[in-house]
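Structure record follows, encoded as structure tokens.
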Amino acid sequence: MRALATIAVLGIVTLSPPVLAETWRTKVTLMEVGSPANCVEADVSKLFYDLTVTDSELSVKTDSGKTYSTPVAADGSVKTTFMGSLGANTYSLELTGNVKTREFEAFNKRFSCRFKLTPVQ
């Protein structure tokens, strides 16, 4: 009887649904309205981030290979800070957006630069 109960419990534990992950690549573009000159001069044409959402967590993988994770709110919203790089320079970026709409912005306080992360195919 104990063996049957053990098998039943193990069967329930192993039948848990798999964790689904959704990944997409984003291209970084400057939101030019009101941007300071140093932001306009930044060449972000080859800058991409890979975003992955799993259950209630968003992971951001930078071009340099670093990965940052943050919780996702019930409404899909996200707000976190991570380090991004452009050439040899590294910058602190505030990422805000929504995983449901895939609309994200990154803001650098130091230079007041605001960027849009647009999904690419």
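Some notes on this structure:
- Those residues of the stretch 67-79 which are touching a strand residue (DSSP E or B) at 6+ places or on another chain (Cβ under 8 Å) and open to solvent by 30 Å² or more (accessible area, probe 1.4 Å), in sequence order: T67, Y68, S69, P71, D75, S77, K79
- Of all residues in the stretch 33-50, those that are touching a residue at least 40 places away in the same chain (Cβ under 8 Å), open to solvent by less than 60 Å² (accessible area, probe 1.4 Å), touching a Leu at 6+ places or on another chain (Cβ under 9 Å) and assigned to a loop (DSSP other than H, G, I, E, B) total 2.
- Restricting the first member to the stretch 104-116 and to residues that are in contact (Cβ under 8 Å) with a residue 40 or more places away in the chain, and the second to residues that are charged (D, E, K, R) and open to solvent by 90 Å² or more (accessible area, probe 1.4 Å), the beta-carbon pairs closer than 7 Å and six or more apart or on different chains are E105/R114; E105/K116.
- Taken together, the residues in the stretch 54-72 that are assigned to a strand (DSSP E or B) and not hydroxyl-bearing (S, T, Y) amount to 5.
The values are calculated or read from the model by the stated rules, or taken from the named source; none is laboratory data. If you're wondering where the values come from, they're calculated on a predicted model, not measured in any experiment. Glycine also receives a Cβ, built like all others from the backbone with ideal geometry; neighbour counts cover every protein chain displayed. Side chains included, ligands, DNA and RNA excluded: accessible areas come from the protein's heavy atoms. Shrake-Rupley method; radii C 1.70, N 1.55, O 1.52, S 1.80 Å.
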